Ligand SMILES: Nc1nc2c(c(=O)[nH]1)N[C@H]1C(S)=C(S)[C@@H](COP(=O)(O)OP(=O)(O)OC[C@H]3O[C@@H](n4cnc5c(=O)[nH]c(N)nc54)[C@H](O)[C@@H]3O)O[C@H]1N2
Ligand SMILES: Nc1nc2c(c(=O)[nH]1)N[C@H]1C(S)=C(S)[C@@H](COP(=O)(O)OP(=O)(O)OC[C@H]3O[C@@H](n4cnc5c(=O)[nH]c(N)nc54)[C@H](O)[C@@H]3O)O[C@H]1N2
Ligand code: SF4
Ligand code: SF4
Ligand code: SF4
Ligand code: SF4
Ligand code: SF4
Ligand SMILES: [Mo]
């Protein structure tokens, strides 16, 4: 099988540039580990945080990573359910993003704790009325569900690897393949479970980002206490998720030379989806800010002004440019909605969505309702280092994944090919779709 | 490091120099370790006790009850028996616990080696220190060479002991004048003829016109005045009304019902303008003036000639209608009272007492009475004496500093350093690493307040006579000495006539002498709770003195236990008596005030174009003038509620700020012809656009770990001169 | 069951900050430095703030501490119940349980909670200045005004050993005890004989930001007639 070979080849071989990258990223992660130790020793005094800006980069990253997690599971689930054929090469890489990035979302909350040693108190002494507890619950469920959802479609590919490898790899794959032999019954069960998971995972994913938004919206702080925060965050999450997929897809395509499988049509389709999300994002942003401005509540307007024309205006307007202007201009035009155009747009969206998270977290805290004196929050080297470490570690793990498992689902790709001999596949799809 | 003398900074950092092999720091650390052992070691924590003491951060001398755990003080409260504090303490009093625990306190006697002010020190024994001072005193030869002894102004047997020692040593004894009623005395006495300082019954006044008096801050007697203010606002009667006249928006101005921003030098004009209206509209207290008016007619003529509302309005910027309204409000109030800042100049004091006379405020509830105790005998002002030294007009051979108060009041202690070059010895008795230690040759640290005996006459503010008396509340933490005992040792070492002059062994002798004197008075009683005090007052009103104890020893013990002695019997009416004994009031001529005010106009100044703003320099109430300059809890409170902790701040009007593009909270630079400082800008609505107010937050660059963090040294603004009210400045962005 | 409350008479208050220092010493709250203050890390359980309040033109000077809300937003959000409303109405902190997430600090509309960014430190010479009744908080937890809860425990103990019930005036927080202007008054809002009860219901009474529905038990009395 040509597809099979092309996809398996990068799993089983490692080139020098991979090693260089891995080494470089590992160095960044090591540096972050030093920064983290520093923070553990000196406490959160090592950050640039203070009263009343109690949350900063870590919580921004938390919300951002949780948002990006919508890349995979949710999008691939939707695409699976609507039987979008072009989804086949991209579901796996999207689902991996989800699972990995969730760890970093949770990890950033741990980085942000004054007493990480007591993190288990959340479980030992849970307080059910705390949105943070809801977060813990929904993210745990999401992590479990999306791991299962990543793993299930991996089984046939793992079995394939098992049959092609020897040594430790063979032993690993043998264990992970759970005795998959590809009997029609197994196929039937797999398809069914994937179908059920695809449906299950959607409300879970939506709940996750809704609850993340409620961490803010359940307080009565200016410009946090908003009824549309739930859907606004979900839209933002899908938006940044798609952007993340496109970015990952472009990198994987280039690095593993998968041009044959990741075609311009994929970029075009995802680009169109991104365009729709950009418009939705604009709609929510407009609704959010217009109502704030029109009502002109003094405490809210202080935050609004800080974003629109005050201290945070550069971040706010940069967010607007990155989230809407740049992607819209590129994606609304057939001529610029090329592979590279789409990639530029999605990188822009990723930056923009990170800025959006930042301009949600910091300006509200910097302009509290209470008349206390603030200060200018600037993240410390520790925070920047840990942020870099998170991105590096994520990339490293992602790269590691591609060395263990095929980043493109081989069997799903084969299944799409007209000459596929396995007739049971069609059955499965019908069931899922029907 | 060991062969090279440490810099002053090193000394401060490590608390010692290494010249003599042992460092002062090491010595201190050992002592501190011992103190900590005493505090925490062995016995476990938990035995609670309370000890009586006296707050010495200001002249109010509020009673303290210190909470001790196993003998170590952990918290200070007001002494509920103290008739002045009644169980309360102000922020300074609360923070004074940090004086005792100040980690940068001087740990024992030391001698400056190398150049003065360089901060190279050699720890010496107490015997050596005493011998050194004694030999210098012998050299000075009983007054043949001038000696200058400086201390913060206070009254009482311990202060007298200090004065007696130095007088016997032939010294000129001067005092850092405190902003107490004693400063108001001369003007009050001139008008009325009484021989006592004035008391203001703020509590029962119904309308108070305040000419720059920091009523809610630290006026005359901090805690007492604050309680009076609370009751003035929300006592049993109707709510009192307060109008504050002051160039800056002080805390009093914020709390006032009305704030009129008038420069200090123009306030007398406003007072006379109000007097004009009172006289013209015949709103004065006729019954009082007809009986005791004295030379009112001449005064009236002069006021009528010079202080028409139009003149006053143009000189002060206060509209005519406001002048009229203030006069009518004052006259219409049930119990009007005019009050004034204790450091105001004489013309303003005269004007304010004249106003009180016009409304008949003397000897009535909510008015002005005279204090039970007579004024202190001629107190010579230290600032003037030290300025003489700084200007090279006198060269004392010995300068003795009881504390750093005088240097703090001086524009720049650094100027003094040069002038002191011919001086043989500068000796500091302050226990702290302060401005005095910075210029001293010999450090003879005495005990801090909690470690000391006390017998002090509190600043007069209350209608009673009191002596704050207490024994040490705690053991000395370090190798410091009792001040009186130290002087005695020096006297003995120096020989006659000094030795004869010191008829005491230590402070407790002096205090016990005072207790015997009080017993012999056969009046008053130990500090007691309100109920008992009232009972004693009623008895004494009836001519009774009920001996509070059966013997003088028991009496002494009771007084020391209670924290002081007070004779609360108070007979009002002495002002009228004094007035009756002579031909009534003797008004000061109001003539010069207007001319002075005119001179304050920026346009009238030289260089007005370059330096267009009037500087209103003020000392934040939180900064103490005699205790440790190293109290972090107080530095945090600076500039609140405007958020300028730990730094100097400047207040200016939004227009002034806009003109130089300065935002609230930004750093600005204030430039005078003589110097420059930086400060944090605080924008104040209704602040006069021609004025910038600057908090005098003195830096002690050679001070303790906290004091030296205060930046900048605002005194630099005055250059070599004095930070007076006449300084003109400009403001730019830093 | 008592419902403890604090009255702050703004007409009496002189803004002297004696209460602020008293609170700091009583509760072992660490000192700042110029740097930590500039970084928003000045530790204080009580501070003066300029605030718009009813019945006054221009900002008033408000001593602001935890308002001990009867509906405390900070308590709702705490994931570990490390901050909770005790039966006597005091909003308490359980330092050993707090994970330092600072959700409560962000949810408190009064911004009165502070976080121990670093290990609190005093010079060794000051070690024995600590109040033994109040624990020194470790780094990484949230702290705030406790209504000097330890003083309630002590007062109870003393009353019990004297064989009587807690009487009004037995339990006085440090800030109330020192306030020179007698602007602070503390007591049981539920006890009709306690002087705070009528004051809390007086015409001058208001609660800071009461429109948020937090139902504070710190009651301010406004200035003016
Ligand atoms: N319930 C009860 N009643 C008692 C007693 C008791 O133990 N219990 N004790 C009784 C006895 S023993 C006595 S002595 C009486 C005391 O009873 P009173 O003689 O009424 O004595 P005081 O109550 O002290 O009031 C004395 C009044 O004289 C005024 N006064 C003070 N000095 C002078 C002065 O120089 N000239 C003038 N003109 N007036 C002055 C005071 O201001 C005060 O108003 O009370 C008797 N009544
Ligand atoms: N603080 C204060 N001191 C005062 C006075 C004051 O008003 N206040 N007033 C002064 C004056 S005016 C006076 S007269 C004196 C009075 O002073 P005291 O003569 O000490 O009078 P009382 O305090 O009434 O105490 C009388 C005592 O006699 C006892 N007693 C009562 N009846 C009898 C009896 O029938 N037989 C015997 N053997 N004992 C009896 C009582 O129990 C009481 O112990 O106090 C003087 N001292
Ligand atoms: S008023 Fe003066 S004596 Fe009284 S507590 Fe304050 S500083 Fe101490
Ligand atoms: S101590 Fe009393 S008067 Fe002073 S600021 Fe505090 S509440 Fe106000
Ligand atoms: S004031 Fe803030 S910290 Fe205090 S109970 Fe209310 S919400 Fe909680
Ligand atoms: S910081 Fe502590 S008290 Fe506050 S919400 Fe988190 S766990 Fe609860
Ligand atoms: S009640 Fe106690 S803890 Fe609260 S502000 Fe007052 S002194 Fe501080
Ligand atoms: Mo009697």
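Since every read-out is calculated from the coordinates, none of them should be taken as a lab result. Since the structure is predicted, the reported quantities are computational estimates derived from the model, not experimental observations. Note that each Cβ is placed from the backbone with ideal geometry, even for glycine, and that neighbours are counted across all protein chains shown.
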Practice item. Rounded to whole Å and ordered largest first, report the semi-axes of the equivalent ellipsoid of region A:287-414 derived from its Cα gyration tensor (root of 5λ). Key: 36, 22, 12
Point to revise | Likely footprinting exposure, B:660, A:136, fewest C-beta neighbours within 10 Å first | key: B:660, A:136
Revision key, fill the gap. Here the whole-number average of other chain Cβ atoms within 10 Å per Cβ of B:218-230 is 4
Review point. Given R₀ = 45 Å, FRET efficiency for residue A:338-residue A:171 by Cβ-Cβ distance, to 0.05?
Key: 0.50
**Study point:** residue B:734 paired with residue B:516, simple spin-label distance in nm, labels 7 Å along Cα-to-beta-carbon
**Key:** 5.8
Practice item. Could you rank the peptides B:84-97, A:53-66, A:110-123 by their average count of other C-beta atoms within 10 Å per residue, with the highest value first? Key: B:84-97, A:53-66, A:110-123
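As an exercise, use a Förster radius of 30 Å and the Cβ-Cβ distance of residue B:674 and residue B:378 to find the FRET efficiency, rounded to the nearest 0.05.
Working from the Cβ atoms, E equals 0.35.
Is there a simple number for the mean count of other chain Cβ atoms within 10 Å of the Cβ of residues in B:252-261, and what is it?
Details: counts 2, 0, 7, 10, 0, 3, 0, 1, 0, 0.
Going residue by residue through B:252-261 and averaging, the value is 2.
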Review point. Once both labels are modelled 7 Å past Cα along the beta-carbon direction, what's the residue B:391-residue A:202 spacing in nm?
Key: 9.3
Check your understanding: What percent does the relative contact order of chain A come to when contacts are Cα pairs within less than 8 Å and at least six residues apart?
Key -> 32
Review point. By average Cβ neighbour count within 10 Å, what is the ranking of C:138-151, A:37-50, B:211-224 from highest down?
Key: B:211-224, C:138-151, A:37-50
Point to revise | Contour excess over end-to-end distance, with Cα ends at residue A:188 and residue A:293 and 0.36 nm allotted per residue | key: 32.3 nm
Point to revise | Nearest 10 degrees, 0 to 90: helix B:483-494 Cα axis against chain B principal axis | key: 60
Practice item. With runs of 4+ DSSP H residues as the only contributors, calculate the mean residue ellipticity of chain B at 222 nm using -39,500 (n - 2.57) per run, divided by the residue total and rounded to the nearest 500. Key: -10500 deg cm²/dmol
Point to revise | Mean Cβ count within 10 Å, highest first, over the residues of peptides B:465-477, B:579-591, A:237-249 | key: A:237-249, B:465-477, B:579-591
Review point. By what distance, in whole Å, do the Cα atoms of the protein assembly as shown stretch along each of the three principal axes, largest value first?
Key: 129, 75, 73
Point to revise | Whether chain C is rounded, prolate or oblate, judged on the alpha carbon gyration tensor where a/c under 1.5 counts as rounded | key: rounded
Review point. For C:21, B:510, B:427, what ranking results if the residue with the fewest other Cβ atoms within 10 Å of its Cβ goes first?
Key: B:427, B:510, C:21
Check your understanding: Between rounded, prolate and oblate, where does chain B land on the alpha carbon gyration tensor, with a ≥ b ≥ c its root eigenvalues, rounded for a/c under 1.5, else prolate if a/b exceeds b/c?
Key -> oblate
Review point. Given region B:185-265 reduced to its alpha-carbon atoms as identical point scatterers, what log10 I(q)/I(0) does the Debye formula return at q = 0.20, 0.22 Å⁻¹?
Key: -0.93, -1.05
**Study point:** C-alpha long axis of helix B:181-192 to longest principal axis of chain B, angle in °
**Key:** 40
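What's the FRET efficiency of residue A:148 with residue A:20 using the Cβ-Cβ distance as r and R₀ = 30 Å, to the nearest 0.05?
After rounding to 0.05, the efficiency reads 0.30.
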Review point. Which distance in nm do the two modelled labels at residue B:475 and residue B:113 give, with both placed 7 Å along the Cα-to-Cβ direction?
Key: 3.1
Point to revise | Relative contact order (percent, whole number), chain B, Cα cutoff 8 Å, 6+ residue spacing | key: 18
**Study point:** Gyration tensor (alpha-carbon) shape descriptor, region A:134-256, a/c threshold 1.5
**Key:** prolate
Check your understanding: Among B:692, C:8, which comes first, second and so on when ranked by fewest other beta-carbon atoms within 10 Å?
Key -> C:8, B:692
Exercise for review: May I ask you to derive the relative contact order of region B:149-275, considering only C-alpha pairs under 8 Å and at least 6 residues apart, and to give it as an integer percent?
Suggested key: 17
**Study point:** Of every Cα-Cα pair in region B:94-214, the percent that sits beyond 19 Å
**Key:** 72
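Full-extension gain between residue B:290 and residue B:551, please, as 0.36 nm times their residue separation minus the C-alpha to C-alpha distance. Each step should come with its number before you reach the end.
On the way: separation 261, 0.36 × 261 = 93.96 nm, distance 5.12 nm.
That works out to 88.8 nm of additional length.
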Practice item. Evaluate peptide A:358-371: per residue, the Cβ atoms of other protein chains within 10 Å of its Cβ; return the mean as an integer. Key: 3
